[in-house]
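To start, the structure under review is shown below, and the notes come after it.
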């Protein structure tokens with residue numbers, strides 16, 4: 001796809017496109033600009049892109065972090081016109097056309113793409129984060145994994161039945177796809193570990209609670225799919241609490257409505273908000289902190305700045321905001337990258353973005369998932385097979401590492417949990433374990 | 001291997017064997033006692049056994065921690081007579097026959113097996129540990145990996161050639177097998193990353209120094225193998241400094257002899273000492289803190305207490321101390337487990353332990369290794385193939401996970417470095433990066 005020499009602009013100065021954020025959106029945009037006439041600089045505070053749809057499997061010890069991470073430099077290393085910078089962006093000087101990094105460095109741009117995604121929203125209770133990590137980064141997934149495994153280890157050691165039961169209780173907050181997936185996976189992991197690995201734990205002490213402040217789980221899905229998911233979860237033993245928001249989260253308990261629940265591990269999946277990119281740009285954010293964009297994904301009044309993915313508030317043809325999904329970010333990134341390429345190489349105007357819905361899915365448990373394609377829906381075993389095929393395909397595509405995917409299928413089928421690591425750097429863990437004296441265990 | 005009912009002891013009381021440490025020695029001992037007449041309790045502060053011979057590959061991003069870790073509960077879950085406790089031992093009450101845990105718990109034993117291994121010896125400079133982690137745990141391997149990768153990222157960003165060169169300098173301290181393997185692997189990783197992934201780094205700025213206070217590297221190997229390894233390393237570009245001990249280690253430099261070397265990453269592999277088990281037992285330790293044991297591996301004067309692996313000072317027929325190798329620990333564990341089993345089931349006396357040398361090896365680089373079998377030696381490509389075959393076999397055996405091993409071979413062959421994760425929890429990193437102002441990068 002080298003540009004036709006005749007179409008090359010007369011000016012020999014190359015335009016610089018700076019992309020902030022190396023997630024699905026930023027990487028798709030960078031790839032579409034690979035080997036183009038532009039100098040591309042991608043800035044991220046981490047050196048890897050994360051396949052977040054499977055992050056819950058890292059948290060539940062089915063996968064290793066590296067299995068679902070791809071070094072950004074490896075993904076983009078083949079394009080000589082793209083440079084990658086590891087750095088934290090602290091602001092944008094839009095008038096001067098430069099991005100500011102924490103190190104003090106300024107990176108000048110001709111075109112700027114903001115693709116910094118979203119983070120968990122604790123609705124003003126940021127101290128809850130300590131006891132209820134969300135599921136956005138490798139670090140958090142590893143933290144949840146350690147807390148879960150440590151709670152079971154402590155339960156095994158405890159001689160106190162009340163404490164034992166508390167440690168085997170996991171509370172998942174938020175009934176969206178992440179919460180549903182975590183609740184199902186934690187229950188499966190707990191049952192598996194109690195049956196195979198522990199001696200003093202009983203299956204009837206295993207408790208997984210899914211807390212949703214709204215009237216139903218899977219709010220973004222049609223009713224009958226949400227009902228199916230709720231029935232399935234209740235059937236395997238997950239308790240679902242609807243309509244009561246969380247009042248308090250502490251090291252060893254949560255308060256829901258007026259009930260205090262003792263717990264060994266709390267997981268947060270209750271809501272997201274956009275990263276503070278609106279502040280960098282000095283614009284008034286829309287709902288969820290997202291930045292309203294024009295149909296071509298540019299910032300109104302700033303045609304050289306674009307916002308894509310979770311931090312953009314783009315709308316579909318019906319005027320509805322597009323959801324914060326990987327597929328939206330990916331399509332926007334690819335669209336924008338191609339559009340910028342044509343603009344820089346041929347002077348073409350930027351076309352509007354149109355979202356093509358590839359289906360919204362949530363996996364509820366082994367052999368159970370829901371799929372919503374808008375006009376039609378699927379649920380149950382067949383939906384799970386489709387989910388698995390789609391995700392293996394996405395993962396293979398993501399990593400270009402077929403063996404990792406094979407390994408994942410293998411572990412999934414054999415129910416092995418190879419990644420059950422408790423690290424010595426772990427703690428900062430709810431310390432419910434009372435010091436107990438026993439002559440033997 | 002259920003015991004013959006006739007041979008069962010008349011007493012219905014089962015003996016309790018407590019094993020402290022779930023490394024190669026402790027696990028081999030526990031396995032040999034699996035489904036025996038004894039109640040076995042294995043205590044470890046971590047929940048996994050680590051295949052340490054490949055830990056340097058985690059540090060250099062070729063493997064994930066979970067690839068070389070095996071949950072202890074999974075290994076021992078099949079034996080109903082074995083319980084696993086996650087806990088930190090703080091002492092032994094030998095007169096009462098109980099092990100003391102940090103949590104305050106006491107665990108009574110009839111027979112006690114100490115298999116707590118060794119740790120790095122900073123020769124009184126424990127503050128060096130902050131800047132020069134050793135390579136004993138997953139946490140340390142991950143720390144080294146992060147520091148290495150971050151140093152390169154910072155070098156890429158730096159506009160200062162002196163700083164760039166400092167960040168691309170890695171200092172490995174200690175010329176034993178670990179130091180040799182790390183030096184070779186770090187050089188390979190650095191060359192690979194500079195060639196493929198970075199834009200502003202030059203191969204000639206890559207520096208890896210191997211520092212050994214003694215007169216030669218690979219002290220435990222015959223001269224001609226050590227010479228071969230030194231030549232090989234020098235050929236690929238590793239600088240070897242002999243005869244000068246390290247004087248100082250700081251966040252961004254080390255002092256060797258009288259020379260100050262600026263560096264982005266320091267790795268410690270200079271010496272080990274036994275864990276403080278001698279203190280628990282109130283015995284006078286031998287060289288390296290190891291506990292002298294009788295030929296049957298018991299503690300002299302305490303026939304119910306045994307010490308195996310790196311923390312035992314056992315001797316061969318010639319009266320020479322056995323080396324601190326995985327194969328010694330494994331053989332001792334299996335020997336002791338079987339001996340205890342026969343003693344408990346049939347009243348047989350404990351036979352003396354005899355070490356069978358399976359060969360001592362160190363890998364120097366891609367396609368280069370040394371092997372010492374005592375009577376004969378191997379080096380070069382053939383030795384490397386043998387090393388690879390042996391380690392794949394050991395790893396398959398260790399994990400029972402053939403796909404992980406396949407994946408490892410695959411990554412090794414394709415030189416992929418999939419595990420290049422810099423985690424947000426990382427830092428605590430040498431902060432050499434001066435704040436630099438540039439109008440663009």
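The values are calculated or read from the model by the stated rules, or taken from the named source; none is laboratory data. On a predicted model such as this, the values are computed, not experimentally measured, just so you know. In this analysis, Cβ positions are derived from the backbone assuming ideal geometry, glycine residues included, and neighbour counts consider all displayed protein chains.
Residue check: residue B:196 meets all listed conditions (1) farther than 25 Å from residue B:371 by Cβ; (2) touching a residue at least 24 places away in the same chain (Cβ under 8 Å); (3) within 14 Å of chain A (Cβ to nearest Cβ) but one, namely (2).
Could you list all residues from segment A:199-211 that are crowded, with 20+ Cβ neighbours inside 10 Å and either without any contact (Cβ under 8 Å) to a residue 40 or more places away in the chain or within 14 Å of chain B (Cβ to nearest Cβ) (or both)? Once the filter is applied, which keeps residues that are crowded, with 20+ Cβ neighbours inside 10 Å and either without any contact (Cβ under 8 Å) to a residue 40 or more places away in the chain or within 14 Å of chain B (Cβ to nearest Cβ) (or both), segment A:199-211 yields A:201, A:206, A:208, A:210.
For residue B:302, the criteria (1) free of Cβ contacts under 8 Å to residues at least 60 places away in the same chain; (2) surrounded by fewer than 20 Cβ atoms within 10 Å (Cβ to Cβ); (3) out of contact with any helix residue (DSSP H, G or I) (no Cβ under 6 Å at 6 or more places or on another chain) hold in every case but one, which is (1). Of the residues making up segment A:319-343, those that are more than 23 Å from residue A:362 (Cβ to Cβ) and free of Cβ contacts under 8 Å to residues at least 12 places away in the same chain are A:319, A:342, A:343. Does segment B:94-120 hold any residues that are surrounded by fewer than 18 Cβ atoms within 10 Å (Cβ to Cβ), touching a strand residue (DSSP E or B) at 6+ places or on another chain (Cβ under 6 Å) and away from every other protein chain (no Cβ under 14 Å), and which are they? Selection gives nothing.
Restricting segment A:350-368 to residues that are out of contact with any strand residue (DSSP E or B) (no Cβ under 8 Å at 6 or more places or on another chain) and surrounded by 20 or more Cβ atoms within 10 Å (Cβ to Cβ), the residue that is nearest to residue A:339 (Cα to Cα) is A:353.
For segment A:269-312, the tally of residues that are at pLDDT 95 or above and assigned to a strand (DSSP E or B) stands at 11.
Here is the figure for segment B:348-372: residues that are assigned to a loop (DSSP other than H, G, I, E, B) and modelled with pLDDT of 90 or more total 9. Might you let me know whether segment A:240-257 holds any residue that is assigned by TED's automatic domain parsing to the domain that holds residue A:23, in a strand (DSSP E or B), buried (at least 18 other Cβ atoms within 10 Å of the Cβ) and in contact with a helix residue (DSSP H, G or I) (Cβ under 7 Å, 6 or more places away or on another chain)? So far as segment A:240-257 goes, no, none of its residues is assigned by TED's automatic domain parsing to the domain that holds residue A:23, in a strand (DSSP E or B), buried (at least 18 other Cβ atoms within 10 Å of the Cβ) and in contact with a helix residue (DSSP H, G or I) (Cβ under 7 Å, 6 or more places away or on another chain). Answer with yes or no whether residue A:163 is farther than 21 Å from residue A:188 by Cα and part of a helix (DSSP H, G or I). Taking the combined requirement at face value, the residue satisfies it. Residues of segment A:315-331 that are more than 16 Å from residue A:273 (Cβ to Cβ), out of contact with any helix residue (DSSP H, G or I) (no Cβ under 6 Å at 6 or more places or on another chain) and surrounded by fewer than 22 Cβ atoms within 10 Å (Cβ to Cβ): A:315, A:316, A:317, A:318, A:319, A:320, A:327. Residue selection: residue A:64 satisfies the criterion of being at the interface with another protein chain (Cβ under 7 Å from one of its Cβ atoms), out of contact with any strand residue (DSSP E or B) (no Cβ under 9 Å at 6 or more places or on another chain) and crowded, with 24+ Cβ neighbours inside 10 Å.
Among the criteria (1) part of a strand (DSSP E or B); (2) touching a helix residue (DSSP H, G or I) at 6+ places or on another chain (Cβ under 7 Å), the one residue A:27 does not fulfil is (1).
Within segment A:159-180, if we keep just the residues that are touching a helix residue (DSSP H, G or I) at 6+ places or on another chain (Cβ under 7 Å) and surrounded by fewer than 23 Cβ atoms within 10 Å (Cβ to Cβ), the residue that is farthest from residue A:262 (Cα to Cα) turns out to be A:164. Determine whether residue A:172 is in a strand (DSSP E or B), in contact (Cβ under 8 Å) with a residue 60 or more places away in the chain and touching a strand residue (DSSP E or B) at 6+ places or on another chain (Cβ under 9 Å). Judged against the criteria, residue A:172 is a match. The listed residues are B:130, B:137, and the only one of them that is within 13 Å of chain A (Cβ to nearest Cβ) and surrounded by fewer than 22 Cβ atoms within 10 Å (Cβ to Cβ) turns out to be B:137. Picking from B:211, B:261, which residue would you name as being over 19 Å from residue B:164 (Cα atoms), touching a strand residue (DSSP E or B) at 6+ places or on another chain (Cβ under 6 Å) and assigned to a strand (DSSP E or B)? Being over 19 Å from residue B:164 (Cα atoms), touching a strand residue (DSSP E or B) at 6+ places or on another chain (Cβ under 6 Å) and assigned to a strand (DSSP E or B) holds for just one of B:211, B:261, which is B:211. Just one of (1) surrounded by 24 or more Cβ atoms within 10 Å (Cβ to Cβ); (2) at pLDDT below 90 trips up residue A:186, so point out which. Of the numbered conditions (1) surrounded by 24 or more Cβ atoms within 10 Å (Cβ to Cβ); (2) at pLDDT below 90, the odd one out for residue A:186 is (2). Scanning segment A:74-88 for residues being closer than 18 Å to residue B:194 by Cβ and at pLDDT 90 or above gives a total of 8. Restricting attention to segment B:182-193, the residues that are touching a strand residue (DSSP E or B) at 6+ places or on another chain (Cβ under 8 Å) and within 14 Å of another protein chain (Cβ to nearest Cβ) total 1. Residues in segment B:332-347: is at least one in the same structural domain as residue B:31 (by TED's automatic domain parsing), buried (at least 21 other Cβ atoms within 10 Å of the Cβ) and assigned to a strand (DSSP E or B)? The answer is no; no qualifying residue exists.
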